[in-house]
Amino acid sequence: MASNSFGRHLRFTTFGESHGPAIGCVVDGVPAGVPLCEADIQPYLDRRRPGQSKHTTQRQEADQVRIVSGVFEGVTTGTPVGLLIDNTDQRSKDYGEIARQFRPGHADFTYQAKYGLRDYRGGGRSSARETAMRVAAGGVARQILKTALGDQMWIRGALVQMGARKINRAAWDWDQVERNPFFCPDAETAALYDAELSAIRKEGSSIGAVIEVVAHGMPAGLGDPIYNKLDSDLAAAMMSINAVKGVEIGDGFEAACLRGEDNADEIQPGNDGAPLFLSNHAGGILGGISTGQDIVVRFAVKPTSSLLIETNSINVAGEAVKVRTKGRHDPCVGIRAVPVGEAMMALVLADLLLAGRASKI
């Protein structure tokens, strides 16, 4: 399994399994002199941490990160930054029944087909548990961006759709994102999500979601044309997140409904000499390169495949079986995907910012 790394100039590699002793990552390419300690990373992990509401898995993991290399006297040294999180609440016995069965919608069958074996305990390496290390690596990336660009830079994510119900964009309030368990920017819709997801959870079912991530304060000129476009880097980053089945930039698929004059982001001279864009249908990217506007990405997360409802499948012998997944699972895995999407955005942008720069900020 050689595909555990992401990035070019800022490259991170994750390791560990859902029910192993620990998970971790190595972030390589971090410039020297970036202020970094566990307290810079932990708040992002706390947002992704399981067991914080009735709407997420009740697995209790503190997700306390430790920096084990690459930092001396509070700043990065230019050597690889090693990050480690201990797993403390594994219940491998919950997965005994599916050791010889393939859960529909999971990677059980494909891992078995590719490797000839699989770690069935919580999905092993295919588990969303791995995303905790993406969030940790994203904390490092945010420190790089903050050091280089200042406090005017921010990256925020929000859940903008659950099932068929979309938020009211006219009611968008970033402050609301941290006030409800859904990371939803619309308080009224968040209340509806609460009732709907409670009913779905009691039925033993699940539901999908759409997440929007916005990066503000990025300079123009990030990304390369043709095959290393900022668009394609972001799409690859978001598609690599567990359960993600679609990505769009800016207006995305809705752009197909517009006429050319409506889709074009017209430009006027700004007061400070910089160009003033009158709209942002392109999501802050033109020709694969950032425009200096907000960079806007959305991704669709499928319903959680671990269900208490029986589904039809086969076992390792090819025989028909009924599968029902025990254990502790998110009825909407899209909720905790919000901080993961933010982290992947930060990692892509820090990677591109470092392209062509020296080995220190």
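The values are calculated or read from the model by the stated rules, or taken from the named source; none is laboratory data. Predicted model only: the values in this text are computed from it and were never measured. Neighbour counts run over all protein chains shown; Cβ positions are idealised from the backbone, glycine included. All accessible areas refer to the heavy atoms of the entire protein, side chains included, with ligands and DNA or RNA removed. Shrake-Rupley method; radii C 1.70, N 1.55, O 1.52, S 1.80 Å.
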Which of the residues spanning region 90-121 are open to solvent by 50 Å² or more (accessible area, probe 1.4 Å) and modelled with pLDDT under 75?
Q90, R91, K93, E97, R121
Please work out which one of (1) part of a loop (DSSP other than H, G, I, E, B); (2) surrounded by fewer than 20 Cβ atoms within 10 Å (Cβ to Cβ); (3) touching a residue at least 24 places away in the same chain (Cβ under 8 Å) is the condition I207 fails and give its number.
(2)
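When you scan region 227-241, do you find a residue that is at pLDDT 95 or above, open to solvent by less than 40 Å² (accessible area, probe 1.4 Å), over 24 Å from C332 (Cα atoms) and not acidic (D, E), even just one? Even if it seems obvious, please write down each step before you answer.
So the first thing to find is which residues in region 227-241 are at pLDDT 95 or above, and the list is 229-241.
Still in the running and open to solvent by less than 40 Å² (accessible area, probe 1.4 Å): 230, 233-235, 237-238, 241.
Then drop every residue that is not over 24 Å from C332 (Cα atoms), which leaves 230, 233.
Now drop any that are not not acidic (D, E), which leaves 230.
Yes.
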Which condition from (1) of a type in the set (G, A, S); (2) touching a residue at least 40 places away in the same chain (Cβ under 8 Å); (3) surrounded by 15 or more Cβ atoms within 10 Å (Cβ to Cβ) is the one that A190 breaks?
(2)
For region 297-317, give me each residue that is of a type in the set (G, A, S), open to solvent by less than 60 Å² (accessible area, probe 1.4 Å) and either more than 30 Å from K229 (Cα to Cα) or without any contact (Cβ under 8 Å) to a residue 60 or more places away in the chain (or both).
S305, S306, S313
Of all residues in region 161-177 being out of contact with any Phe, Trp or Tyr (no Cβ under 9 Å at 6 or more places or on another chain) and either part of a strand (DSSP E or B) or modelled with pLDDT under 95 (or both), which is least open to solvent (accessible area, probe 1.4 Å)?
Q161
Every pair of residues 6+ apart whose Cβ atoms lie under 7 Å, when the first sits in region 113-124 and is basic (K, R) while the second is outside any loop (DSSP other than H, G, I, E, B)
R118/D108; R118/Y111; R118/Q112; R118/G124; R121/S92; R121/Y95
So R129 passes all but one of these: (1) crowded, with 24+ Cβ neighbours inside 10 Å; (2) more than 18 Å from L83 (Cβ to Cβ); (3) at pLDDT below 95; (4) not β-branched (V, I, T). Which condition number does it fail?
(2)
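Just to be sure before I move on: is Q143 open to solvent by 30 Å² or more (accessible area, probe 1.4 Å) and either under 17 Å from R47 (Cα atoms) or among the polar types (S, T, N, Q) (or both) in the structure I sent?
No; evaluated as a whole, the condition is false for this residue.
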Members of region 178-204 found to be under 30 Å from L349 (Cβ atoms) and either of a type outside the set (G, A, S) or part of a loop (DSSP other than H, G, I, E, B) (or both), listed by number:
E178, R179, N180, P181, F182, F183, C184, P185, D186, T189, Y193
Mind telling me which of the residues A158, A137 ends up being within 30 Å of S206 (Cβ to Cβ), within 18 Å of the chain's Cα centre (by Cα), part of a strand (DSSP E or B) and not β-branched (V, I, T)?
A158
So which of G138, G157 ends up being open to solvent by less than 30 Å² (accessible area, probe 1.4 Å) and either at pLDDT below 95 or in contact with a Gly (Cβ under 7 Å, 6 or more places away or on another chain) (or both)?
G157
So if I check each of G124, G74, G51, which one is modelled with pLDDT under 85, open to solvent by 10 Å² or more (accessible area, probe 1.4 Å) and on the phi > 0 side of the Ramachandran plot?
G51
Restricting attention to region 318-330, which residues are touching an Asp or Glu at 6+ places or on another chain (Cβ under 9 Å) and either β-branched (V, I, T) or open to solvent by 40 Å² or more (accessible area, probe 1.4 Å) (or both)?
K322, V323, R324, T325, K326, R328
Over region 1-39, the set of residues closer than 23 Å to F72 by Cβ, open to solvent by 40 Å² or more (accessible area, probe 1.4 Å) and in a loop (DSSP other than H, G, I, E, B) is H9, G33, C37
If you take the residues in region 264-296 that are in contact (Cβ under 8 Å) with a residue 60 or more places away in the chain and polar (S, T, N, Q), which one is surrounded by the fewest Cβ atoms within 10 Å (Cβ to Cβ)?
S290
Matching strands (runs of 3 or more DSSP E) fully within region 265-361 where at least 2 residues are more than 28 Å from the chain's Cα centre (by Cα), over 24 Å from I211 (Cβ atoms) and not charged (D, E, K, R):
267-269, 275-277, 311-314, 320-323
